[in-house]
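Inspection log for the structure reproduced underneath, given as structure tokens.
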Amino acid sequence: MKAITAATPLICSLVFIGGCASPFHASFDAAKYDKMSCVELNVAMGEVAKEMSATAITRGKVAKSNIPDWLWGARRVASAVTARQSAKIEQLRQQEAAIAAVRRSKC
């Protein structure tokens, strides 16, 4: 019973993250960056970097979690969550590149 009790928080967190996290919850419009000032671009760049860092930390925690072998489907859930987080990081990298390109030309 102790193993089940110890694994319960892991299972709940994987189901929550895996079930509710959408990899493409918000798309970005590169044209909106053309209208921003340099200060707004810097703030946007910081927000994207902060979100990318948080996503990478979450992905790392899920990837490095010690999932027991007897817990059926947990590894598949963990790999799905890791794949979603990787897709989100890639989208954020593209957004960061779009901001950087506008910032280079304007500022």
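Key figures
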{"quantity": "Filter result for the condition that a residue is closer than 19 Å to ASP34 by Cα, among the basic types (Lys, Arg) and part of a helix (DSSP H, G or I), over ARG103, ARG76", "calculated": "ARG103"}
{"quantity": "Odd one out for ALA31, checked against (1) modelled with pLDDT under 85; (2) assigned to a loop (DSSP other than H, G, I, E, B)", "calculated": "(2)"}
{"quantity": "Residues satisfying the stated conditions in region 26-78, i.e. in contact (Cβ under 8 Å) with a residue 60 or more places away in the chain and charged (D, E, K, R)", "calculated": "ASP34"}
{"quantity": "Selected residue (criterion: farthest from the chain's Cα centre (by Cα)) from residues of region 48-73 that are assigned to a loop (DSSP other than H, G, I, E, B) and among the polar types (S, T, N, Q)", "calculated": "ASN66"}
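The values are calculated or read from the model by the stated rules, or taken from the named source; none is laboratory data. Every value quoted in this text rests on a predicted model; they were computed, and no experiment measured them. In this analysis, Cβ positions are derived from the backbone assuming ideal geometry, glycine residues included, and neighbour counts consider all displayed protein chains.
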